[in-house]
Each structure stands twice: as structure tokens, then as C-alpha cells.
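I have placed the structure first, in the form of C-alpha cells, so that the comments after it can refer back to it.
No value in this document is a laboratory result; all are computed from the given coordinates. Please read these numbers as outputs of a predicted model, since none were measured by experiment. Backbone-built Cβ (ideal geometry, glycine too); neighbour counts: all protein chains shown.
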Amino acid sequence: MVKNIIKKPLTPAVLHILLALSTQERHGYGIMKQVESDSQGKVNMGPGTLYGSLGRMIDAGMIRESDKKIDTELDDERRIYYKITGLGQKALAVELERYREVVGVARHILLAPKPITYGI
């Protein structure tokens, strides 16, 4: 199961969630706001997508619930914080490498000299 998670491309939602959790533990609303910020407003993740993805990611072992509360004075005690796991970090690293390879191919294609065609 672990190898399958890492070999399969991540969905955009899972990728954005892992990126948001890669720097610190966050609660659901915090993840949504971080995704919006990271994408410069281009990705707006709704609660259905977020919590559906979080549940699948927990089941897959990519993230887990955290006991951490940032500020108990300001935080609603019902908020659940999420934390990336070692498997989640590995899956994120593999996915980012996959993206680097795709960008490398695209750069090569775009920078390669265009073939000269005659008589067309």
C-alpha cells in the first residue's frame, strides 16, 4: 500500500493539502486559507473537498490528527489540527520530483530548435 501511494500521482487537492501541512500543523480552515494563499487565490478548496481528502489521507497514513493547539485562548477546542507524516512527506517529495521532470521536458521541447520544413 505504501508503494502504491507514492507511485500514483496525487490529486491536486491532496498536493495542496500536503504543501500547506509541510510547514506547520493546521486546522481545516487554516489549510483552506493556506491553499488559497499559496495559489494566489486560484484554488479555493471547499469544505467537502477538504474534509473528504483529509479523511482519505488519514486512512492512507499521509497525515494524522495532532494534539497540538496553537493558542487555547483563541482556538475553539473543537478544532482538529492535522500533521503531515513521514509517508506524507515522502509522497510530497516524489510528487514534486514528478513535476520537476515534467517541467524539464516542457522546457526542453519549448527551447529545442524547430525543425525546418520545406514545401509546406
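Entry note, the chain: the mean residue ellipticity at 222 nm calculated from DSSP H runs of n ≥ 4, each adding -39500 (n - 2.57), is -18000 deg cm²/dmol after division by the residues and rounding to the nearest 500.
Report which label in (1) 37, 17, 12; (2) 26, 22, 17; (3) 30, 15, 12 holds the value of semi-axes √(5λ) of the Cα gyration tensor in Å derived from the coordinates of this structure. Comparing each candidate, only (1) matches the computed number. Near residue 81, the amide H atoms lying under 5 Å from its own belong to 66; only residues 5 or more places off or on other chains count, and H is placed 1.01 Å from N. Modelled spin labels at residue 105 and residue 24, positioned 7 Å past Cα toward Cβ, are 3.7 nm from each other.
Note down the nm distance, to one decimal, between modelled labels 7 Å out along Cα→Cβ at residue 96 and at residue 51. Each label point is offset 7 Å from its Cα along the Cβ direction, giving 3.0 nm.
Residues 109, 17, 116, 58, arranged from fewest to most other Cβ atoms within 10 angstrom of their Cβ, appear as 116, 109, 58, 17.
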